[in-house]
1. Scan segment 234-261 for residues that are open to solvent by 30 Å² or more (accessible area, probe 1.4 Å) and of a type in the set (A, V, I, L, M, F, W, C) and report the count.
2. Within segment 385-401, restricting attention to residues that are farther than 17 Å from Pro439 by Cβ and in contact with a His (Cβ under 8 Å, 6 or more places away or on another chain), which residue is most open to solvent (accessible area, probe 1.4 Å)?
3. Answer yes or no as to whether Ala153 is hydrophobic (A, V, I, L, M, F, W, C), over 21 Å from Thr32 (Cβ atoms) and crowded, with 24+ Cβ neighbours inside 10 Å.
4. Looking at (1) open to solvent by less than 100 Å² (accessible area, probe 1.4 Å); (2) more than 30 Å from Ala135 (Cα to Cα); (3) at pLDDT below 95, which is the only condition Asn498 fails?
5. Condition check: open to solvent by 20 Å² or more (accessible area, probe 1.4 Å) and under 19 Å from the mean Cα position of the chain (by Cα). Does Pro228 satisfy that?
6. Just to be sure I understand, how many residues within segment 22-43 are of a type in the set (Gly, Ala, Ser) and either over 24 Å from Ala189 (Cβ atoms) or at pLDDT below 95 (or both)?
7. Return the residue satisfying two criteria in turn: it lies in segment 324-352 and is open to solvent by less than 30 Å² (accessible area, probe 1.4 Å) and among the aliphatic types (A, V, I, L, M), and of such residues it is farthest from the chain's Cα centre (by Cα).
8. On the given criteria, is Tyr396 under 18 Å from Val290 (Cα atoms) and not small (Gly, Ala, Ser)?
Amino acid sequence: MKTVNHWIGGTTVEGASGNYGPVTDPATGEVTTQVALASAEEVDTAVRVAKEAFLSWGQSSLAARTKVLFAYRALLDANRDAIAELIVAEHGKVHSDALGEVARGLEIVELACGITTQLKGELSTSVSNRVDVAAIRQPLGVVAGITPFNFPAMVPMWMFPLAVACGNTFILKPSEKDPSAANKLAELAAEAGLPAGVLNVVHGDKAAVDALLAHPDVAAVSFVGSTPIARHIHTTASANGKRVQALGGAKNHMLVLPDADLDAAADAAVSAAYGSAGERCMAISAVVAVGAIGDALVEKIRERAEKIKIGPGNDPASEMGPLITAAHRDKVASYVKGAAGQGAEVVLDGTGYTVDGHENGHWIGLSLLDHVRTDSDAYRDEIFGPVLCVLRAETYEEGVALINASPFGNGTAIFTRDGGAARRFQLEIQAGMVGVNVPIPVPVGYHSFGGWKDSLFGDHHIYGNDGIHFYTRGKVVTTRWPDPSEAPDGVDLGFPRNH
């Protein structure tokens, strides 16, 4: 059986705790790999290595850092398929989704390649007599990232490229459910010339996470995951004096107005709700249909959803793969099975779905629930699976009030032909990312990603300008130099006296 070990100090380091976790192929249900689970002592070793590497990397030139990053970008591009294959094997998403994940991660690497302009400071001259003031930004030191299973390559690349470009060293603790992509990213970084100890990968469970949150030499923690864990990460790390950005869960809504192109809206709802099997924090999980269009919209969604091909991620014909674990599949199914009892109409029931030849895989079909109540479990909870809820509203104002009442505020979208309605929506809606006729408004790499309310804990969004500010701290330097004409007697600098 394959074993995934840690990557510390530029090399593979075998696990020393004696604890290992299973890694399953979601399409077959078979355990194919074991991953080493780090103890607190192993985490401490990684932090010490990163701290030592920071002494030189933190003082390195921007030219030296960008040289590595440009080489890294080229290697990632050349190894897209290899990274995607690891994601398919351990996460289960289809190959095209995995390639898309790598492409979105590459956007942040490209942003990091331009760090020379992003770290330019500010200078004010002659604020007083021969006094200048400069503002600069400097790295924090050792920083850590704790990433989720649903994007095992993209989310780490949202973090460490910018962190190391800013001069920090990095400890990555990826999900133990699909760990191999993280090691591949680290190996390619070493091949690109990243010095040993600048990027380290420590696998583990709660013990490893708690060790990072408490370690006095970890200056900042980035996290993406569920809201309860994000709240815990923020509270615990902040209490230990760390800077924290913790991105939590979501319940993303799509408001469809009566004037919308219903075919375009239905296409968007299907791709946004069921893409990557719904295992993404930016998935549309609730459609709010305004006025009399609800029945027609639901029918169009149903027609499209029934045509989605579900199968193994390595089958080119597959459009959706399995869920990450059998336990998660069963949890997702429970929301569908309980929906009718809480007032919903079950238009499509994906529970009990199997794939011939892969009967033990973590399969579930697409589910569509109509007339969902806001007090039902299917609406209130982040299901994180291929379940789309449809709610009804009589007016635009009612729809906006419904969305704003949600405790989550990650992303949302409106579908309409009316520019005035779209403008009102983008100003009135309480969410961090808004799409206008765009169902999944994930910002490009040079803008920042992040939500509001229970979808974000901390003051900084991830990547973009916020990411650069998160991984650096400001310093203001005030300088006064005497005029050369005032040089001490006997020192001739060639300037006239009494200038």
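1. Residues of segment 234-261 open to solvent by 30 Å² or more (accessible area, probe 1.4 Å): 234-236, 238-241, 243, 258-259, 261.
Now drop any that are not of a type in the set (A, V, I, L, M, F, W, C), which leaves 239.
Residues in segment 234-261 being open to solvent by 30 Å² or more (accessible area, probe 1.4 Å) and of a type in the set (A, V, I, L, M, F, W, C): 1 in total.
2. Arg392
3. Spelling it out, it is not the case that Ala153 is hydrophobic (A, V, I, L, M, F, W, C), over 21 Å from Thr32 (Cβ atoms) and crowded, with 24+ Cβ neighbours inside 10 Å.
4. Only one criterion in (1) open to solvent by less than 100 Å² (accessible area, probe 1.4 Å); (2) more than 30 Å from Ala135 (Cα to Cα); (3) at pLDDT below 95 is unmet by Asn498, namely (1).
5. Details: open to solvent by 20 Å² or more (accessible area, probe 1.4 Å): yes; under 19 Å from the mean Cα position of the chain (by Cα): yes.
Spelling it out, Pro228 is indeed open to solvent by 20 Å² or more (accessible area, probe 1.4 Å) and under 19 Å from the mean Cα position of the chain (by Cα).
6. Start the filter on segment 22-43 by keeping residues that are of a type in the set (Gly, Ala, Ser), which leaves 27, 29, 36, 38-40.
In the following step, the residues that additionally are either over 24 Å from Ala189 (Cβ atoms) or at pLDDT below 95 (or both) were identified as 27, 29, 39-40.
Adding up the residues that qualify gives 4.
7. Checking each candidate, the answer is Ala344.
8. When the stated conditions are applied, Tyr396 passes them.
The values are calculated or read from the model by the stated rules, or taken from the named source; none is laboratory data. Note that the structure is a prediction, hence the values are computed from the model and not measured. Every residue, glycine as well, gets a Cβ built from its backbone with ideal geometry; the counts of neighbours run over all protein chains shown. For accessibility, only protein heavy atoms count, side chains too; no ligands or nucleic acids. Shrake-Rupley method; radii C 1.70, N 1.55, O 1.52, S 1.80 Å.
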